[in-house]
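These notes concern the structure reproduced below.
Taken together, the values in this text are just the output of simple stated rules run on the coordinates, not laboratory data. Treat the numbers as computed from the prediction; the structure is a model and nothing was measured. We place every Cβ from the backbone using ideal geometry, glycine too, and count neighbours over all the protein chains shown.
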Amino acid sequence: PRDSTQQRDFFANDKIQMDAAEPGDLHFFGKDGSVTHVGFSTGGKGILHSQGFVKEESLDSGHKSVNEKLIDIYLSTYTIQRKFRP
């Protein structure tokens with residue numbers, strides 16, 4: 001899938017809780033259900049994404065590298081494991 005909405009739709013049957021995310025799973029962000037941003041999970045609430053440059057941050061409000069703006073627009077998390085595991 002080319003854009004972030006298509007990516008979310010591709011994984012529609014693989015939605016998981018944010019805390020259950022494993023490295024490589026996908027966190028989606030946006031407003032009113034429309035996806036505007038996606039990042040790779042580094043495990044749980046950790047995220048690797050690009051907003052001008054690549055950075056590693058957290059979706060945990062108690063973490064020192066928290067990104068509150070992303071928490072505010074968080075939509076959902078999907079596992080890639082079910083699609084790509086042999």
Report yes if some residue within the stretch 43-58 is hydroxyl-bearing (Ser, Thr, Tyr), surrounded by 18 or more Cβ atoms within 10 Å (Cβ to Cβ) and under 14 Å from LEU70 (Cβ atoms); otherwise report no. yes
Residues of the stretch 59-86 being surrounded by 13 or more Cβ atoms within 10 Å (Cβ to Cβ) and among the hydrophobic types (A, V, I, L, M, F, W, C), which ones? LEU59, VAL66, LEU70, ILE71, ILE73, LEU75, ILE80
Which one of the conditions (1) polar (S, T, N, Q); (2) in a helix (DSSP H, G or I); (3) surrounded by 12 or more Cβ atoms within 10 Å (Cβ to Cβ) does GLN6 fail to meet, given that it meets all the rest? (3)
Which of the residues belonging to the stretch 21-49 are in contact with a His (Cβ under 9 Å, 6 or more places away or on another chain) and not in a loop (DSSP other than H, G, I, E, B)? HIS27, PHE28, PHE29, GLY30, HIS37, VAL38, GLY39, PHE40, SER41, GLY46, ILE47, HIS49
Filtered residues of the stretch 51-86 (kept if in contact (Cβ under 8 Å) with a residue 12 or more places away in the chain, over 17 Å from VAL35 (Cβ atoms) and hydrophobic (A, V, I, L, M, F, W, C)): none
Subset of the stretch 38-57 [in contact with a helix residue (DSSP H, G or I) (Cβ under 9 Å, 6 or more places away or on another chain) and farther than 24 Å from PHE10 by Cα]: GLU57
Quick check on ASP72: is it of a type in the set (Asp, Glu) and out of contact with any helix residue (DSSP H, G or I) (no Cβ under 8 Å at 6 or more places or on another chain)? yes
May I ask you to say which residue of THR5, THR42, THR36 is free of Cβ contacts under 8 Å to residues at least 60 places away in the same chain and either among the aromatic types (Phe, Trp, Tyr) or in contact with a Leu (Cβ under 6 Å, 6 or more places away or on another chain) (or both)? THR42
